[in-house]
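Student: One structure is given below, represented as structure tokens, and several questions about it will come after.
No lab work stands behind these numbers, since they all come straight from the coordinates. All values reported here derive from a predicted model rather than from experimental measurement. No Cβ is skipped: glycine too gets one built from the backbone with ideal geometry, and neighbour counts run over all protein chains shown.
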Amino acid sequence: LGFHLTSLCVGFMLLCMKRTTLTIEDELFVQLKKQAATQGKSLASLVNDLLRQAMAIQDRREPYRLELEGWNAELQPGVDILDRDNLFDIMDGR
């Protein structure tokens, strides 16, 4: 009975797992194959583990928050903020 349950579980996993094709740089592929062999894992198992680790690290990072200091703006005589060309002229000192 244990054999049949194991076969059923393995068969079920194969039906549920997605397959894809990745283009991996040659040098990186060699490193992955060596690491998989060293750890006694399949290449697929190692890549899945590494992807899980990378995604977990990304999930733990705090989102970047940009903080800008404002300034007090005052209307200036002769400056029309809706006239882009005039604004550039003023900023360029013309």
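Student: Measuring from label point to label point, each 7 Å out along Cα→Cβ, what is the Asp83 to Glu27 span in nm?
Tutor: The modelled label-to-label distance comes out at 5.8 nm.
Student: Continuing with this model, one more query. Taking the alpha-carbon distance from Lys18 and a cut-off under 19 Å, which aspartates and glutamates remain once sequence neighbours fewer than 8 residues away in the same chain are dropped?
Tutor: The reachable aspartates and glutamates, counting only those whose Cα sits under 19 Å from Lys18, are Asp49.
Student: Where does the charge balance sit around Leu46 when Lys and Arg score +1, Asp and Glu -1, over other residues with C-beta under 14 Å from its C-beta?
Tutor: After counting each charged neighbour, the total is +3.
Student: How far apart, in nm, are the 7 Å Cα→Cβ label points at Ile90 and Gln39?
Tutor: Modelled inter-label distance: 6.1 nm.
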